[in-house]
1. Out of everything in segment 2-22 that is loosely packed, with under 13 Cβ neighbours inside 10 Å and in a loop (DSSP other than H, G, I, E, B), what residue ends up being nearest to the chain's Cα centre (by Cα)?
2. Starting from residues that are part of a loop (DSSP other than H, G, I, E, B) and touching a strand residue (DSSP E or B) at 6+ places or on another chain (Cβ under 7 Å), keep the ones in segment 53-73 and report whichever is surrounded by the fewest Cβ atoms within 10 Å (Cβ to Cβ).
3. Identify all residues within segment 35-47 that are in a helix (DSSP H, G or I) and free of Cβ contacts under 8 Å to residues at least 12 places away in the same chain; write none if there are none.
4. Suppose we keep only residues that are under 25 Å from ALA91 (Cα atoms) and among the aliphatic types (A, V, I, L, M) within segment 15-50. Which one would you say is modelled with the lowest pLDDT?
5. Name the pairs whose Cβ atoms lie under 9 Å apart, with the first residue in segment 126-147 and without any contact (Cβ under 8 Å) to a residue 60 or more places away in the chain, the second β-branched (Val, Ile, Thr), and 6 or more positions between them or separate chains?
6. Provide a single number: the residues in segment 117-136 that are more than 19 Å from ARG159 (Cβ to Cβ) and assigned to a strand (DSSP E or B).
7. Is it the case that ASN103 is assigned to a helix (DSSP H, G or I) and surrounded by 14 or more Cβ atoms within 10 Å (Cβ to Cβ)?
8. Exactly one of these conditions fails for ALA167: (1) within 14 Å of the chain's Cα centre (by Cα); (2) buried (at least 20 other Cβ atoms within 10 Å of the Cβ); (3) within 11 Å of LEU50 (Cβ to Cβ). Give me its number.
Amino acid sequence: MERKGLTAFKGDPLTLVGPELKVGDPAPDFTALSGLNPVSLKDSAGHVRLISAVPSLDTPVCEQQTRRFNEEAAKLPGVKVLTLSCDLPFAQNRFCSTAGIQNLQTLSDYRDHQFGLNYGVLIKELKLLARSIFVVGKDDKIKYVEIVPEVTQHPDYDRALAAAKAAA
């Protein structure tokens with residue numbers, strides 16, 4: 001399934017591959033890599049999950065988004081914060097150690113694009129993830145969805161954090 005017009009890069013429309021998830025839908029499972037170890041959504045079952053998807057940690061907005069959620073993660077008891085990108089796991093580890101990221105888990109979707117395909121945020125033209133936020137409740141239902149309309153812009157941090165707090 002391909003969807004056009006939900007996001008753009010510097011004004012140029014992009015195509016997202018995968019389903020359109022809505023609040024109340026069951027959160028699809030996925031497997032991504034933490035280092036070289038596979039991690040699935042089921043590994044954090046019983047917790048609220050704030051999932052922050054970014055195109056690449058090595059870009060300014062993605063770095064700022066990850067730093068912001070890293071800071072906020074320390075204030076969100078019972079919430080697991082996951083940041084997904086298609087960066088290689090080695091690049092994610094380097095980024096985290098350089099940026100002091102300790103309160104969230106980075107996961108690489110480079111190998112199978114399973115997260116991007118299951119959550120409908122894989123950009124067909126770039127094979128990167130669209131900037132997006134999902135909050136998944138303890139019941140494994142989606143509580144919040146945001147696909148940022150322009151990849152170079154920030155998500156609505158306040159709304160995403162409020163949704164995570166309300167789900168906790």
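The values are calculated or read from the model by the stated rules, or taken from the named source; none is laboratory data. Just so it is clear, the structure is predicted and the values come from calculations on it, not from any experiment. Note that we place each Cβ from the backbone using ideal geometry, even for glycine, and neighbour counts take in every protein chain shown.
1. From segment 2-22, those loosely packed, with under 13 Cβ neighbours inside 10 Å are 2, 4-5, 10-13, 22; that's our starting set.
Among the residues that remain, those that are also in a loop (DSSP other than H, G, I, E, B) are: 10-11, 22.
Numbers: LYS10: 20, GLY11: 22, LYS22: 15 Å.
Step by step, filter segment 2-22, then rank; the result is LYS22.
2. Quick first cut of segment 53-73, residues part of a loop (DSSP other than H, G, I, E, B) only: 54-59.
Retained after the next criterion (residues that are touching a strand residue (DSSP E or B) at 6+ places or on another chain (Cβ under 7 Å)): 54-57.
Numbers: VAL54: 29, PRO55: 21, SER56: 17, LEU57: 23.
Out of the qualifying residues, it is SER56.
3. Going residue by residue through segment 35-47, those that are in a helix (DSSP H, G or I) are 41-44.
Of everything in segment 35-47, just one residue is in a helix (DSSP H, G or I) and free of Cβ contacts under 8 Å to residues at least 12 places away in the same chain, namely ASP43.
4. Step one: list which residues in segment 15-50 are under 25 Å from ALA91 (Cα atoms), which gives 16-17, 29-44, 49-50.
Then drop every residue that is not among the aliphatic types (A, V, I, L, M), which leaves 16-17, 32-33, 36, 39, 41, 50.
Details: LEU16: 98, VAL17: 98, ALA32: 98, LEU33: 97, LEU36: 91, VAL39: 97, LEU41: 97, LEU50: 98.
Here the residue is LEU36.
5. That search, which allows pairs on different chains as well, returns GLU146/ILE133.
6. Within segment 117-136, residues that are more than 19 Å from ARG159 (Cβ to Cβ) and assigned to a strand (DSSP E or B) number 4.
7. Numbers: assigned to a helix (DSSP H, G or I): no; surrounded by 14 or more Cβ atoms within 10 Å (Cβ to Cβ): yes.
When the stated conditions are applied, ASN103 does not pass them.
8. Just one mismatch for ALA167, condition (1).
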